[in-house]
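Data first, discussion second: the structure below is written as structure tokens.
Read the figures in this text as sums done on the coordinates, not as results from a lab. Please read these numbers as outputs of a predicted model, since none were measured by experiment. Using ideal geometry, Cβ is built from the backbone for each residue, glycine included, and neighbour counts are taken over all protein chains shown.
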Amino acid sequence: MAVQKQTKKYCKNNKNKKAGALKTKNNLPGGGLKRTLEQSSAVSQHKRARQTLDDDDNTVAPVALKFGDRQISDEDKITDWNVTLRSLTVKEEWDIVDWGTCNEDPEVLQYCKDIVENHLATEGLDDFDHDYMNTRQTDIKPRMRTVLYCWMVDVHLKFKLKDVSLWSAFSICDNYLSRVDVHRENLQLVGACSLWIACKYQEIYPPLAADFVYIADNAFSRDMLFKCETAICKALGWNFTRPTMFSYAHRFIKAGIHHIPTQRHKERVRWLTHYAIERCIMTYPMLRHSPSEVAAAALYCSLALTGHRWNSKLIEITSYETDALKPIARNLRKIILDFENPDQKAVIVKYSGKARGCVAMLRRKTSSTEQARNQARQQFTRHGTGARPAQ
């Protein structure tokens, strides 16, 4: 009898404890037990990401790209950026600062030099056709590629993906287009699938196939996305690790900004270099240069535009002399200073925000004489009368 009473008492106390624990969990701040469980599941994370796509406050709407004869408008571009700069710290020794390090993201410092040297030795060994628009493609034009890549930039920002995912997508798309003739109606499908494959390769939680179908305004179906994924993987032989401009620039920048005294100027050189290579990838003729050449020339151009020089340590790290970089840097400078290019508006808007140093808004300083000459030229053009301004 005493044992039965003790058993009932134990069960009653245990039941009260469970009820109290459940009540405590249900009273958790922020929505209780249900929200706590939802926050710990990857599926709910994708649901919340999908809800952000449906949010009316966002300015990017689903877009189905049409590659026709008419000029494609650049509406529905992202104008609000929620990007935070990571604080990078570099050690003082040159053998360490050559490749840099990051407190929040260790980069296996002892292998950095070997990785870059291996990239430099193998980047010209692949069978990538740098003139595939003339040799392989019969229906798409270079401007259609630029429009597609700008759309991919918008989608990349919308999903808040890593920078390496975007550059991997560019590499996958270019490699596939250099091997397979694609019709313009399927070009957006190839771009979306390239970004999806890159996300699977680089991201922890890649977006769902339904998210890409939605953001493309149902221009293709999930089955079409799956079939395109299979075709791209077979065409590339499952090789998605081709070095890109970003992979070189990421290393070169850390050595290039070491001697710059102020943090503000370091950030300006950093974002100018990223801006230069992103504008460059949108320009099809620049594909004839190797990724390492463009990355080194972008850093050279950024240093020159901010009043700094290309030193002997950078020559050792990048393996490029000043004379070899000057022609590419001149082309990059023209691209950067083209502030009103409508085809690359997405990249210009992306780098106009404070999170990326507003580098797209920088203007070349002109002397008072040049300003007076430009004003006279504008006045002569507007009225069509008067003396022609002095040259």
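Of the cross-linked pairs LYS158/LYS350; LYS158/LYS354; LYS160/LYS200; LYS160/LYS350; LYS113/LYS354, which ones have a Cα-Cα span greater than 22 Å in the structure shown?
Violating the 22 Å Cα-Cα cut-off are LYS113/LYS354.
Where nothing but the Cβ of Lys and Arg (+1) and of Asp and Glu (-1) is charged, how large is the charge dipole of segment 130-203 around its Cα centre, in debye to the nearest 20?
100 debye
So for segment 114-237, averaging the separation of alpha carbon pairs under 8 Å that are six or more residues apart and normalising by length, what relative contact order in percent results?
RCO, segment 114-237: 27 percent.
Can you give the Rg/Rh ratio of segment 99-236, where Rg is from the C-alpha atoms and Rh is the Kirkwood radius? Walk me through the numbers on the way to the answer.
On the way: Rg = 16.4 Å, Rh = 16.3 Å.
Reported Rg/Rh, Kirkwood definition of Rh: 1.00.
Could you tell me the largest-minus-smallest coordinate of the C-alpha atoms of segment 230-355 on each of the three principal axes, in descending order and whole angstroms?
Cα extents, longest axis first: 50, 35, 27 Å.
Counting other Cβ atoms within 10 Å of each Cβ, which GluC sites (Glu not before Pro) in segment 269-330 have at most 14 and sit in a DSSP loop?
Qualifying residues, ordered by number: GLU321.
Can you sort MET282, MET361 by how many other beta carbons sit within 10 Å, fewest first?
MET361, MET282
What is the local net charge at GLU278, summed over the other residues whose Cβ is closer than 11 Å to its Cβ (Lys, Arg +1; Asp, Glu -1)?
In short, +2.
Taking the Cα centre of segment 220-281 as origin, sum charge times position over the Cβ atoms of Lys and Arg (+1) and Asp and Glu (-1), and report the length of that vector in debye to the nearest 20.
About 220 debye.
May I ask you to derive the relative contact order of segment 181-267, considering only C-alpha pairs under 8 Å and at least 6 residues apart, and to give it as an integer percent?
Dividing the mean separation by the residue count of segment 181-267 yields 23 percent.
Along the charge dipole of segment 203-318, Cβ charges K/R +1 and D/E -1, which of THR283, ILE260, GLY237 sits furthest on the positive end?
ILE260
Give me the dipole magnitude in Debye, nearest 20, for segment 238-359 about the Cα centre, with unit charges on the beta carbon: positive for Lys and Arg, negative for Asp and Glu.
With Lys and Arg at +1 and Asp and Glu at -1, about 340 debye.
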